[in-house]
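S.K.: Pasting a structure below so you can have a look.
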Amino acid sequence: MRRFALFCAVAVLSALPVAAAPLSLAELSAYLNRLTTVEAPFTQVNPDGTISTGTVRIARPGRIRFEYAPPDRTLVLADGQQVAVFDPKSNQPPQTFALRQTPLHLILAPQVDLGRARMVVGHREDGPTTRVLAQDPDNPGLGTIELVFTDRPVALRQWIITDEAGAQTTLVLGDLGGGGRLDPNLFSIEAEAAARGLTPGR
């Protein structure tokens, strides 16, 4: 079923009309900066080839929450500074690390500027999509994020994160719905840890 979900997501991308030219970095930056709260289903291809599904919620700047569907049930959330990984099978505090250690912080920044020097290392048309390969210009060794956009209207449809070891994780987004006002506690590591009876690790 999960492989079928991934096939359907990829088929939607391939069925879209062909764009005449890649969307400009200025247009894509403006689009990302307009995103405030977002909620969408996702299908994720993990580095080992397994597939996970779930729901992602974004509250820019800095906050994101991945709720993985059963049988996984892992929860990953960022509060603007830290990322925490909650393992439902463990009664240990969540693993935490700085948000800036992942390329995701590039699209969660208060002001996204894909035109910044040395940030974008690839920008091309790929059939019906525009693909932008970005890195942290101050820490290029932390990996890259490739963003895949469609046109008319502009929409983020997919991203591929490559970590410092070369492992790739692909996330295919469903329709991005406006998240409205999202409860701040959805992105609070302390609130989530307290609800689970845990103390977040530092």
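S.K.: When the label point is put 7 Å from the Cα of residue 181 along its Cα-to-beta-carbon vector, which residues of region 18-60 have a backbone N closer than 12 Å?
M.R.: none
S.K.: Additional query: Let me spell out the model: positive unit charges on the Cβ of Lys and Arg, negative unit charges on the Cβ of Asp and Glu, origin at the Cα centre of region 9-135. What dipole size does that give, in debye rounded to 20?
M.R.: That gives a dipole near 280 debye.
S.K.: Considering Cα pairs under 8 angstrom that are at least six residues apart, work out the relative contact order of region 54-191 and quote it in whole percent.
M.R.: Relative contact order, region 54-191: 17 percent.
S.K.: To continue, here is another question. Roughly what angle does helix 25-34 make with the longest principal axis of the chain, taking Cα atoms, 0 to 90 degrees, to the nearest 10?
M.R.: The helix 25-34 is inclined about 40 degrees to the chain.
S.K.: Between residue 21 and residue 37, 0.36 nm times their residue separation minus their Cα-Cα distance comes to what?
M.R.: 2.9 nm
S.K.: While we're here: Quick check: pseudo-label points 7 Å beyond the Cα along Cα→Cβ at residue 48 and residue 196, how many nm apart are they?
M.R.: Here the answer is 1.9 nm between the modelled labels.
S.K.: Rounded to the nearest 10 degrees, what's the angle between the helix 2-14 long axis and the longest principal axis of the chain, both from Cα atoms, 0 to 90?
M.R.: 30 degrees
S.K.: What is the spin-label model distance, in nm, from residue 139 to residue 98 if the labels are put 7 Å beyond Cα along the C-beta direction?
M.R.: Rounded to a tenth, the inter-label distance reads 0.5 nm.
S.K.: Per DSSP H run of n ≥ 4, the term is -39500 (n - 2.57); total these for the chain, divide by its residue number, and report the mean residue ellipticity at 222 nm rounded to 500 deg cm²/dmol.
M.R.: Calculated from helices alone, the mean residue ellipticity at 222 nm is -4500 deg cm²/dmol.
S.K.: Counting other beta carbons within 10 Å of each residue's own, what order do 24, 188 fall into, fewest first?
M.R.: 24, 188
S.K.: So, one more: Going by how many other Cβ atoms sit within 10 Å of their own, how do 79, 183, 113 line up, fewest first?
M.R.: Ordered from fewest to most neighbouring Cβ atoms within 10 Å, 79, 183, 113 come out as 183, 113, 79.
S.K.: Another question about this same structure. Once phi is turned into ³J(HN,Hα) by the Karplus curve 6.51 cos²θ - 1.76 cosθ + 1.60 with θ = phi - 60°, what whole-Hz value does each residue of region 105-115 show in order, with x for glycine and proline?
M.R.: Running phi through 6.51 cos²θ - 1.76 cosθ + 1.60 with θ = phi - 60° gives 5, 5, 9, 9, 4, x, 9, 7, 9, 5, x Hz.
S.K.: Local charge sum around residue 123 (other residues, Cβ-Cβ under 12 Å, Lys/Arg +1, Asp/Glu -1)?
M.R.: -2
S.K.: Using 0.36 nm per residue of separation minus the Cα-Cα distance, give me the extension gain between residue 74 and residue 152 in nm, one decimal.
M.R.: 24.7 nm
Bear in mind that the values in this text are calculations on the coordinates, not laboratory data. It should be emphasised that the depicted structure is a prediction, and the values quoted were computed from it without experimental measurement. Counting neighbours? That spans all protein chains shown, and the Cβs are built from the backbone with ideal geometry, glycine included.
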